[in-house]
Amino acid sequence: MSPKILIIDDDDLVASSLKKVLIKLNYDVLTCLDDSEAEKMITEFQPDVILLDIYLTTRNGIDVLKSIKKKHTSIPVIMITGYADVKTAVIAIKAGAYDFLLKPIDLPQLKFILDRAVEHLRLKSEVNLLHTLLEDREIKKEFFGKSTKIQRIALSVEKLAKSGDTTILLEGESGTGKEVFERFIHQQSPRNKAPFITINCATIPKDLAESEFFGHEKGAFTGASLKTKLGKFELADGGTILLDEIGELSLDLQVKLLRVLQEKKFYRLGGEKEVSVNVRILAATNRNLEEEVARGTFREDLYYRLNVAKVIIPSLRERKEDIIYIAYSFLNEFSQKFCKNIQGIDSSGIELLTTYNWKGNIRELRNVMERVILLCEEEELFDHHFAFLLEGKNVIENEDEKFILQIPSKGIKIDFVLKTLIQKTLKITNGNQVKAAKVLGLSRSKLRYRMEQLGIEVTKNIS
């Protein structure tokens, strides 16, 4: 289905010419020549993007923009003007405009901005769906991301979950979302109405581990409670037990755990009566257990008992297509939490996020988005909002050259860095803002907005 574009311009010649061009670019286009009809046409046509002339005959385009944004906050509005007025562009963007185009319109730039606006809208729609799924507290495959790699894994996990007894081992780096997959497995399992019990093997003190796993009889050891305590395995009876960070388990406890996995029977600490349980086993680790077996830190027989169905969760670096999808999910979440009106992420911010290494994976991305949104006072996130991610990194490599950034030991203000970068780029392009915008990966209107914001004069031969 072609993206729908509504053109609001009372100049019939301009509107019809623009319509013909956009139809050739495979857009579904409608024109509105009377701004008083705009609201009706928006409601009936439901456009994906609106192109709005800033200087209408009967009404100021900024006022029309404000009216549209009151009722249709999610529709990107791109302002069009025949005057190179930077201050007006800044006012429009502050009023909620998605971007700004100058006449005569540069067609490649128009297509680039429209495609970006449609993609922005698509991401917001997917994130809204994601939050609807979360509100229902039911995890769907779409929750994990849109990349082919993660969707294949989610489909495999869904199939494995349908068996109520199959043991599943999840391996992956910290922060990759293993805990969400674990809950997804339980929800898709025939045991989903029964308990889901988690044991974090890394946080249990060694001297209390056996009691936590299998429980104890009253007075079984010094400090034991005066009544029988049920262990995690008994509490999970009929349901699912998750052995999180199982690679941290001591060799002594690995021996005892092996028998439980084989026979589903054990003795409470200090007990004489054998206890039988019916549980499904899930295990998760950020270690490579095969390598741990080779080192002698993990029992080979336990490894093979757990490794009935192994699922390796990829790092965020291995599925870069999901980074922005997940970032928008956090953008939506924290914008609501902190009462912010942040509309999206600029292309410069998207580029930084997709090229960053993300050693902490989704957990790190979540923390970054929370910090940025809490501190942000603008309506869009730009690369400078994420500049702290590059602190301490003096060399940033491009495909064909290196950009050397020397950071003084006492620090430096980001506005100074951005201003210097724009000034030097304008010097290279001899003051040509269109070329400078392309070099910096910005639209011309965004470059003008930055120049106004940073106090850079619009002159030729900048030195």
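The values are calculated or read from the model by the stated rules, or taken from the named source; none is laboratory data. The structure presented is a predicted model; accordingly, all values stated were derived computationally and were not measured. Virtual Cβ from ideal backbone geometry, glycine too; neighbours counted across all protein chains shown. Ligands, DNA and RNA are stripped out before the accessible areas are found, and what is left, the full protein with its side chains, is counted by its heavy atoms. Shrake-Rupley method; radii C 1.70, N 1.55, O 1.52, S 1.80 Å.
In the chain, what % of DSSP beta bridges are antiparallel (nearest 5)? The answer is about 20 percent antiparallel.
Remark: spin-label model distance Glu44-Thr354 equals 3.8 nm, labels positioned 7 Å along the Cα→Cβ axis. Sorting Ser163, Ser329 by solvent-accessible area of protein heavy atoms yields Ser163, Ser329, largest first, with a 1.4 Å probe.
Suppose R0 equals 45 Å. What FRET efficiency, 1/(1 + (r/R0)^6) with r the Cβ-Cβ distance, do Asn192 and Ala294 give to the nearest 0.05? The partial results should precede the final answer.
Values: r = 37 Å, r/R0 = 0.81.
Efficiency, rounded to the nearest 0.05: 0.80.
Kindly flag which residue pairs out of Lys70/Lys337; Lys229/Lys310; Lys71/Lys111; Lys94/Lys424 have an alpha-carbon separation exceeding 29 Å in this structure. Too far apart for the 29 Å limit: Lys229/Lys310. The helix-based estimate of mean residue ellipticity at 222 nm for the chain, built from -39,500 (n - 2.57) per DSSP H run of four or more residues and divided by its residue count, is -13500 deg cm²/dmol to the nearest 500. Here each label is just a point 7 Å from Cα along the line to Cβ, and for Glu391 and Thr203 those points are 2.7 nm apart. Binning all Cα-Cα separations of region 235-334 at 5 Å, short to long from zero, yields these whole-percent fractions: 2, 10, 17, 18, 14, 12, 9, 7, 6, 3, 1, 0. The accessible area of His72, taken with all protein chains in place and a 1.4 Å probe, comes to roughly 30 Å².
Rounded if a/c is under 1.5, else prolate if a/b is larger than b/c, else oblate: which is region 169-223, with a ≥ b ≥ c the root eigenvalues of its Cα gyration tensor? The shape class here is oblate.
Using unit Cβ charges (K, R positive; D, E negative) and no other charged atoms, how large, in debye to the nearest 20, is the dipole of the chain about its Cα centre?
Details: 69 positive and 68 negative charges, 74 e Å.
Around 360 debye, computed over the chain.
Taking the Cα centre of region 1-103 as origin, work out the dipole magnitude from +1 charges on Lys and Arg Cβ and -1 charges on Asp and Glu Cβ, in debye rounded to 20.
On the way: 13 positive and 15 negative charges, 73 e Å.
That gives a dipole near 360 debye.
Could you tell me the center-to-center distance, by alpha carbons, between region 150-179 and region 310-355 in angstrom? Value for the Cα centre distance between the two parts: 22 Å. Solvent exposure of the chain, expressed per residue, is 51 Å² of accessible area, with all protein chains present and a 1.4 angstrom probe.
Taking packing as the residue-averaged number of other Cβ atoms within 10 angstrom, the listed peptides 302-312, 197-207 run from highest to lowest as 302-312, 197-207.
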